[in-house]
1. When a/c reaches 1.5 or more, the comparison of a/b and b/c decides; with that in mind, is region B:229-332 rounded, prolate or oblate per its Cα gyration tensor?
2. Restricting attention to the alpha-carbon atoms of region B:343-436, what are Rg (one decimal) and Dmax (integer), both in Å?
3. Return the carbon/sulfur percentage of the accessible area of the protein assembly as shown, one whole number, probe 1.4 Å, all protein chains in place.
4. Given the options A:GLU241, A:GLU204, A:GLU226, state which has the largest fluctuation in a GNM of chain A using a 10 Å cut-off (strictly under) for Cα springs.
5. If you take the Cα atoms of region A:296-379, find Rg, then find the Kirkwood Rh from the mean of 1/r over all pairs, what is Rg/Rh?
6. So what's the projected area for the protein assembly as shown, the Cα convex hull averaged over all directions, in nm²?
7. Rank A:SER165, A:SER196, A:SER18 by mean-square fluctuation in a GNM of chain A with C-alpha springs under 10 angstrom and give only the top-ranked residue.
8. Shape call for region A:269-333 from the C-alpha gyration tensor, a ≥ b ≥ c root eigenvalues: rounded (a/c under 1.5), prolate (a/b greater than b/c) or oblate?
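The values are calculated or read from the model by the stated rules, or taken from the named source; none is laboratory data. Bear in mind the structure is a predicted one, so any value in this text is a computation, not a measurement. With ideal geometry, Cβ positions are generated from the backbone for all residues, glycine too; neighbour counts draw on all protein chains shown. Heads up: the accessible areas ignore ligands, DNA and RNA and are worked out on the full protein's heavy atoms, side chains in. Shrake-Rupley method; radii C 1.70, N 1.55, O 1.52, S 1.80 Å.
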Amino acid sequence: MLSPTTEEELSTAVAQASGPLRIQGGGTRGIGGPTPGEVCSVAGITGITLYEPGALTLVAAAGTPVAEIEAALAAENQRLPFEPMDHRKLLGTTGTPTIGGVVSANVSGPRRIQAGACRDSLIGVRFVDGRGTVIKNGGRVMKNVTGYDLVKLMAGAHGTLGVLSEVAFKVLPAVERVASLHIKGLADEKAVAVLSRALGSPFEVSGAAHAPRGRTGDPMTLIRLEGFAESVSYRAARLKELLSDAGDITVQDDPATTAADWTWIRNVEAFAGTEGDVWRLSVKPSDGPEAAVRVGGDVVYDWGGGLVWARVPAGTDVRPLLKGLPGHATLVRGDSKGRAIFQPEPAPLAALSEGLRAKFDPRGILNPGLMAQAQKADA
Amino acid sequence: MEMPAPNASVTANKAHIVTRLRRVLPADAVIDAPEETRAYECDGLTAYACPPLAAVLPATTQEVSDVLRICHEEGVPVVPRGSGTSLAGGALPTADSVILGVARMNDVLETDYDNRMIRVQTGRTNLSVTGAVEEDGFFYAPDPSSQLACAIAGNIAMNSGGAHCLKYGVTTNNLLGVTLVLMDGTITQIGGAHLDAPGYDLLGLICGSEGQLGVVTEATLRILPKPEGARPVLMGFDSNEVAGACVSDIIKAGVLPVAIEFMDRPCIEATERFAGAGYPMCEALLIVEVEGSDAEIDEQLNVIMQIAGRHNPVALRQAQSEDEAKRIWLGRKSAFGAMGQINDYMCLDGTIPVSELPFVLRRIGELSKEFGLDVANVFHAGDGNMHPLILFDANKPGDLELCEAFGAEILKLCVEVGGCLTGEHGVGIEKRDLMDTQFAPADLEAQMAVKDVFDPQWLLNPAKVFPLKASASRRAAQVA
Ligand SMILES: Cc1cc2nc3c(=O)[nH]c(=O)nc-3n(C[C@H](O)[C@H](O)[C@H](O)COP(=O)(O)OP(=O)(O)OC[C@H]3O[C@@H](n4cnc5c(N)ncnc54)[C@H](O)[C@@H]3O)c2cc1C
């Protein structure tokens, strides 16, 4: 195992590698893994290098634990806007999630619908490409269009274009109050329609989820509001009125309960410790229920219906079932034998992706096997 | 500004190229008469002009593909163009290039309120995207000051921002999908109504690539429900430092205004003379706007007014009516126009860490004396995106060059304090040769490698973004 503790050591390690490398942060998000090769852990490159609360910016080494960053932000009453998911319960992994891992997989939580994904808060990166060259892009300011946006490209590239050594974020103030509207007993289609009405209202919804089997076992639809105390009460009342024909609505604003509810959604705890494969479907929100019907199995909806977590019997390939629905499916938990982990891309896009990969990692040593492949002719 | 010598074999081949283009486009969509190509000789950076070989105005994605295929086969450089409002010379033609304008492609293709998105052809202007959905209570958030004229095409290419991006983000944060035509004519679909990409984030890469990776013909954009209301406050301070500290305190207090705009004294004086918005005469002025219901606005403004009060404001005025709100914005919105009345000006666009604001403003003041040219500052303070306007006289020999040298010093200063050359206008030709003050050779090489993948012959908008020296070998390969 390679365990560099500085960017320079990382650069040397990659430059001198003679075979494939398995890039790892905390090793808690083994999506698609394990890939072949020697482990190259970034977990030793740690530390918050800059944090300016008055400028809403934070820069940290890629191996910094997410918890350390969240604690530093909380001390200034701020937070990561995109609410990154913790994969440990769902995947049954242990270890310490790192911020580099979050960025590599572009991990975002329920607030993605309001505040954007991880890639939207990411304002700068430093990384080591497949030759060992150190490259920087973006910076520490939140408005920056200087040159091509490789920051976005690196977010979600799963380490295949370069090994992240440092990441910079735009952060946001934490909020005074959180409240959730709870609606019980809705069928999926109805629930997603209700979420859509909430998201189409001016009341700044920051979470919109539905679980056909909620925390109590019954269907539960959740709509989250955040902000200053009075504003949250006002919006909760207005929204309740707007959605009154949807059924019985209760407003939950106990901090511990709302936090637990949304963590449950965010981390897909419904599927923790269960049997079967877990797929992550990204679809047009109004197509969510249709996707769920086609796939069968147990589901949880986030992002107003646009993110569907589906638990199906081991070995199921959901992609043929979803044919014709725009979007994509990723196998998050399950043996990848016979199934591509990432949705195969149409030929012209696959050619661009392969071209990029050949440029950034000409020897093909960074996490070989990960990321989307070209579509088969018959797909 | 140096531009590469036109490729003589292309200019000599004009008649043949135009004939081929005419075969795939309606007669009035191919413009090659010298008196007519002049209309496309420059964009918003009017100091530089060069008529193109020809201009084409396709009406469909297929026509765009046909044009690109022909130009690819003939080795002709192509400069994509939206409305031509770029301030960076992003749409400046070369004499051997074909301008590909998308102005005729301005239809709304689909609106879907359930999924909060709209699909448009990219020649549609920014403001008319909001125009298409506002009766139903929605809007498209990125709002560049040029929104009446600029097209979604240019917004995507430049990753444009606006006054309200502190809360809503810039173009890239509001773009869900594109139809992108590659230089060889291949039509691709990237993204769509779903969030996030299955593979690499090519959408994020396209946005801000300044027309160098492909031509964007259609776009799926996120639309948002309109807030119940909005209200600005105006605050005056007797120094830039104090105004800067106030901005920082507001942000730290946990309020997230939709906009925090900053104007310095020269700018206040000029806009006051031009627009008569009734601004207080002081060293620095902030406009802070928040959104929500009346009660929510009161709640936020209470916090903001208290913070401002602690910084001894010389003026503190909350809009009491729609009319007053308009007047508060009037001066800010007419700032560029006001400057244009007094003088020729060059508008810079560097971003700095907000904490460096007082230092940078002081330094700009010193440089202004050294160069003997006046500067007015107006900018998006919440995110550190500065817009120093340097005043010069285009008719005075040497003044433009002096102004450019001064501008370059300011941009280098932005980079030195940890910022960047451009926050929203793009690199174009204007900042091209300064790129190596911000990026090491390996950083630029990585970006150029991306262009190699999308456009191996470097035919799309070739002399932009990268220092001519850095891109020389790649462009030479294209001519060979
Ligand atoms: C008075 C004024 C105020 C402004 N205020 C702002 C502001 O507040 N915020 C801001 O961000 N900008 C501002 N701008 C700059 C400018 O309006 C933006 O950069 C705008 O997005 C350009 O749009 P356009 O359609 O005019 O593009 P153009 O000027 O035509 O082109 C801009 C770039 O886009 C490329 N391009 C055009 N069409 C396509 C296409 N179909 N496919 C691929 N590439 C394409 C061009 O090659 C060029 O590089 C302002 C400009 C003016 C004149």
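1. oblate
2. 12.4, 38
3. Ligands and nucleic acids excluded, carbon and sulfur give 51 percent.
4. Between A:GLU241, A:GLU204, A:GLU226, it is A:GLU241 that shows the largest mean-square fluctuation.
5. Rg/Rh for region A:296-379 comes to 1.00.
6. One quarter of the hull surface, i.e. the mean projection, equals 33.5 nm².
7. Sorting by GNM fluctuation, first place goes to A:SER18.
8. oblate
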